[in-house]
1. Net charge near residue 27: determine it from the other residues with C-beta under 12 Å of the C-beta of residue 27, scoring Lys and Arg +1 and Asp and Glu -1.
2. Report the relative contact order of region 2-151, percent, no decimals, based on alpha-carbon pairs under 8 angstrom and at least 6 residues apart.
3. Summing -39500 (n - 2.57) over the DSSP H runs of n ≥ 4 in the chain and dividing by its residue number, what mean residue ellipticity at 222 nm do you reach, to the nearest 500 deg cm²/dmol?
4. Only four residue types carry charge here, +1 at the Cβ of Lys and Arg and -1 at the Cβ of Asp and Glu. Report the dipole size of region 2-151 about the Cα centre in Debye, rounded to the nearest 20.
5. Students often get this wrong, so try it: which of [x] 15.4; [y] 16.8; [z] 15.9 is Kirkwood radius over Cα pairs in Å as calculated from the structure shown?
6. Suppose a student asked you for the relative contact order of region 84-153, using Cα pairs under 8 Å spaced at least 6 residues apart; what percent would you report?
7. Please turn the phi angles of region 73-82 into ³J(HN,Hα) values with the Karplus equation 6.51 cos²θ - 1.76 cosθ + 1.60 (θ = phi - 60°), one per residue in order, whole Hz, x for glycine and proline.
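What follows draws every value from the coordinates through simple rules; no lab data is involved. Note that this is a predicted model, so its numbers are computed, not measured. Cβ sites come from the backbone with ideal geometry, for glycine too, and all protein chains shown count toward neighbours.
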Amino acid sequence: MLLRPAREADIPALVTLLRNSWLTVWAPALRFETVRRFAAEDPAGTYARERWRDFIVADEAGELRGMFHLEADHLHAIHLEHTARRRGIGTLLMDEAERRVATDHGEAVLEVLAFNTGAIAFYRQRGWTVRRSYDGSELGEPVSTLEMRKTVR
């Protein structure tokens, strides 16, 4: 598994990865109207096309298995291809994201939707703690959001 900066040629695979991740993890917890809005507005595609230069991807023999987007001490996104789960790729991506944060910051921060219990358990297992919860929004639907932090050095 190679972790590398995303390339422009990765955009179609990134769009697919982000769409599928949202649909498999978030859509089941949201109203049908929100899922329909996701399909109509395509925020995952927009995000991939606009921010791909900021992504680090997990490349397995030319196939993208995951990605993360880090900005300073803030992990904005980490997503895995559905078939890549439980293979250590999420751990590999998080190890790298935390290592990068530690080069310039003592603490890392991320936000996760409270219904994403699998991600929350993964983060807790890695030493992340919930610092606060607040009411957020996902495509206009109210959602509870957790801010998690971890000391990285």
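1. Charge balance in the 12 Å sphere: +1.
2. Values: 226 pairs, mean separation 31.4, N = 150.
It rounds to 21 percent for region 2-151.
3. Values: 5 runs with 53 residues, N = 153.
About -10500 deg cm²/dmol.
4. Numbers: 21 positive and 23 negative charges, 86 e Å.
Dipole size: approximately 420 debye.
5. [z]
6. Details: 87 pairs, mean separation 26.2, N = 70.
Relative contact order, region 84-153: 37 percent.
7. 9, 10, 8, 6, 7, 9, 9, 10, 4, 3
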